[in-house]
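Heads up: the structure comes next, in structure tokens.
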Amino acid sequence: MSTITDVPYRLEFSVEVPGTPEQVWQAIATATGMSAWFGPTELEEREGGALHFTMGPDMGSDGRVTRWDPPRAIAYEEDWAHLMGVEPDALSPLTSEFVVEARSGGTCVVRVTSSGFGTGAAWEQPWWDTLGPNWMPFFDNLRLYLAHFPGQQATQLEAATTRPGDATTFWSALHDALGLGDEGTAVEVRGATGTVERVGARNALVRLTAPVPGMLMAFAYDVGEGQANAGVRAYLFSPDAADYVRREEPAWQAWLEDLSVPA
């Protein structure tokens with residue numbers, strides 16, 4: 001028997017990005033596009049098509065496309081109950097919709113809505129409150145991807161570590177170790193050079209220019225039980241990117257694990 005109530009949760013925001021509606025559609029409604037600014041994505045490009053987002057080692061989210069209106073709108077549902085480890089009928093699907101609106105001057109506005117229904121359990125609102133802060137920074141990635149790498153396929157580099165402590169302290173140590181300055185300043189990040197595009201409360205975005213062009217996210221977040229996670233994810237756009245990742249990903253992982261964080 002279903003335990004879903006009419007407790008509604010909803011997140012809405014919009015972002016203006018460069019590009020034509022067709023270019024924006026490629027970025028938000030294809031596996032190649034989504035994998036180039038979000039996470040590794042599998043997507044059947046049709047209404048009713050299956051999708052899968054890889055969210056980490058042995059972690060993922062499955063869903064299906066519920067609206068397919070290229071190049072204007074795509075919507076999909078994910079199994080929110082499975083993500084939270086509760087009974088399959090305890091929560092409605094997590095529904096996300098992207099609507100693309102062309103603007104003059106070669107830009108588009110992407111309107112994003114995520115919604116779902118729950119039971120009113122104490123954990124639901126705090127989880128929903130973190131959805132926006134965790135997801136919205138990726139749309140700076142989308143803007144940067146469309147500005148500098150539209151249509152290109154990314155090779156991803158990712159390294160992360162979890163240890164006792166809080167995310168604020170972990171982020172402060174990571175931020176300082178990376179030498180991140182203000183937005184718009186040049187930076188050298190472990191041998192890679194680029195420009196700081198965004199610095200948030202616990203995340204940052206760098207546009208890399210050498211030795212491999214791309215984007216680098218750095219982040220930290222609490223995982224509960226007195227533990228925090230910090231890491232980096234790079235999206236690289238070059239024929240040499242795969243070789244670079246094979247060489248540098250283990251080095252990034254070792255660097256993170258050796259990072260000095262105040263107790």
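The values are calculated or read from the model by the stated rules, or taken from the named source; none is laboratory data. None of the values given here were measured: they were computed from a predicted structure. A quick note on method: Cβ atoms are made from the backbone with ideal geometry, for glycine too, and the neighbour counts reach across all protein chains shown. What goes into the accessible areas is simple: the full protein's heavy atoms, side chains included, and nothing from ligands, DNA or RNA. Shrake-Rupley method; radii C 1.70, N 1.55, O 1.52, S 1.80 Å.
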Sparse-neighbourhood loop sites, trypsin sites (Lys or Arg not before Pro) in region 174-257 - DSSP loop, at most 15 other Cβ within 10 angstrom: R190
Ranked highest first by the average count of other Cβ atoms within 10 Å around their residues, in what order do 136-146, 118-128 fall? 136-146, 118-128
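Quick check for me: using +1 on Lys/Arg Cβ and -1 on Asp/Glu Cβ, what's the dipole size of region 122-187 about its Cα centre, in debye to the nearest 20?
Roughly 200 debye for region 122-187.
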What accessible area per residue comes out for region 182-237, rounded to a whole number of Å², with a 1.4 Å probe? 40
Take the alpha carbon atoms of region 86-164, find their center, do the same for region 210-239, and report the distance between the two centers in whole angstrom. 16
Grab the Cα-Cα distance for D176 and R64, subtract it from 0.36 nm times how many residues apart they are, and report the gain in nm with one decimal. 36.2 nm
How high is the relative contact order of region 180-263, in percent, with contacts defined as C-alpha pairs under 8 Å that are six or more residues apart? 16
Going 7 Å from the Cα of E87 in the Cα-to-Cβ direction, what parts of region 1-36 have a backbone nitrogen less than 20 Å from that spot? 1-8
Can you compute the modelled spin-label distance between T119 and E42, with each label point 7 Å from Cα toward Cβ, in nm? 3.0
Taking only DSSP H segments of four or more residues, each worth -39500 (n - 2.57), what value at 222 nm results for the chain once the sum is divided by all its residues, to the nearest 500 deg cm²/dmol? -8000 deg cm²/dmol
Separation of the A75 and R163 label points, Cα + 7 Å toward Cβ, nm: 4.5
Cα-based Debye curve of the chain sampled at q = 0.07, 0.08, 0.15 Å⁻¹ gives log₁₀ I(q)/I(0) of -0.26, -0.34, -1.20
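Carbon and sulfur atoms: what percent of the 1.4 Å accessible area of the chain do they account for?
Whole-percent figure for carbon plus sulfur exposure: 51.
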